[in-house]
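In what follows, a single structure is set out as structure tokens and then discussed.
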Amino acid sequence: GTVLRTGDGGRTWRDVSPPGAAELELRDIEAFDGRRAVALAIGEGEASRVLRTDDGGATWTESFRNTDPRAFFNCLTFFDSRHGLAAGDPVDGKFRVLSTADGGRSWRVLPDAGMPAAQPGEAGFAASGQCLVSSGPKDVWLTTGGAATARVLHSRDRGLTWTASASTLPAGDPARGVFAVAFRDRGHGIAVGGDYRADQASPKAAAVTGDGGRSWRASATPPPAYRSGVTWLPHSRSVALAVGPTGTDLTLDGGRTWRTVDSGSYDTVDCTPDLGCWAAGEKGRVARLGF
């Protein structure tokens with residue numbers, strides 16, 4: 001339940017958490033600049049909330065509080081500074097999606113007529129804030145697990161209609177599935193996940209696509225264990241990072257082969273256009289990648 005802000009490249013951090021954040025499970029934050037950001041709190045019923053700041057975290061406004069006890073939201077993504085989506089677990093057999101057109105100041109539930117039916121037991125994972133990601137002005141992908149097949153759903157119209165594709169990642173158990181995806185453009189993406197239980201193996205914990213997620217190929221040499229976050233290095237067509245509780249892995253060939261480069265425990269990772277790559281994890285760990 002903490003939001004931290006740095007203005008000096010990570011040398012010092014300031015706690016800018018929303019009031020009452022200690023009682024919340026904050027799992028995703030999307031920042032537009034140094035002052036404007038939107039954060040997602042996850043959980044059943046009213047525990048799922050969206051909070052927004054316009055002053056770098058000095059003050060926060062709650063812009064959405066879930067009132068449906070059946071709903072549980074997992075991830076946020078934004079196409080630009082105005083248009084964004086939040087995705088939650090299935091309600092009435094279909095994944096629930098929220099939409100904003102004013103930078104997160106207000107939200108509405110999208111109609112589910114264009115959403116494929118969920119599999120029995122299927123849900124999303126609120127692990128890294130990367131179970132819902134966008135690329136360009138309208139494309140967005142949603143990852144799933146917990147069912148017989150771990151899937152990636154794709155929308156070309158900001159969440160109104162979706163198609164579902166089977167991934168190659170571990171499935172068949174509530175703890176297994178696709179935990180994160182990253183797309184460097186509309187076509188090329190990487191998916192990571194596995195089984196988040198520490199005593200369970202996660203073979204085939206990464207996959208790649210070159211057709212926008214219509215089909216997925218298992219990585220020839222995947223990460224050695226479950227991974228919860230993934231990101232492309234900016235301005236690169238082939239280099240990406242994946243993180244998880246047992247380490248960080250690097251690929252130089254677009255996700256086909258991976259090698260472990262760090263043993264630290266991290267839950268999520270992201271890069272900025274100026275080549276700043278950041279990871280965060282358990283017990284308040286925050287790290288910046290050194291080149």
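The values are calculated or read from the model by the stated rules, or taken from the named source; none is laboratory data. None of these values were measured; they are calculated from a predicted model. Here the Cβ is made from the backbone with ideal geometry for all residues, glycine too, and neighbour counts use every protein chain on show.
Below is a table of values for the structure above.
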| read-out | value |
| --- | --- |
| Candidate set: region 231-252, residues that are under 20 Å from G264 (Cβ atoms) and among the polar types (S, T, N, Q); chosen: the one nearest to the chain's Cα centre (by Cα) | T231 |
| Residue ID - nearest to R27 (Cα to Cα), chosen from residues in region 213-229 that are in a loop (DSSP other than H, G, I, E, B) and basic (K, R) | R227 |
| In region 127-143, the residues that are among the polar types (S, T, N, Q) and in a loop (DSSP other than H, G, I, E, B) | S128, Q130 |
| Near pairs, Cβ below 8 angstrom, 6+ apart or cross-chain, from region 104-118 (assigned by TED's automatic domain parsing to the domain that holds L40 and in contact (Cβ under 8 Å) with a residue 60 or more places away in the chain) to any residue that is surrounded by 13 or more Cβ atoms within 10 Å (Cβ to Cβ) and polar (S, T, N, Q) | G104/S63 |
| Some residue of region 85-102 being in a loop (DSSP other than H, G, I, E, B) and either assigned by TED's automatic domain parsing to the domain that holds G129 or farther than 22 Å from G124 by Cα (or both) | yes |
| Segments classed as strands (runs of 3 or more DSSP E), wholly inside region 15-61, with at least 1 members that are farther than 20 Å from P90 by Cβ and charged (D, E, K, R) | 25-31, 49-53 |
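Residue-by-condition table, conditions (1) aliphatic (A, V, I, L, M); (2) under 18 Å from the mean Cα position of the chain (by Cα):
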| residue | (1), (2) |
| --- | --- |
| R5 | no, no |
| R14 | no, no |
| E23 | no, no |
| R36 | no, no |
| L40 | yes, yes |
| R49 | no, yes |
| G56 | no, no |
| T61 | no, no |
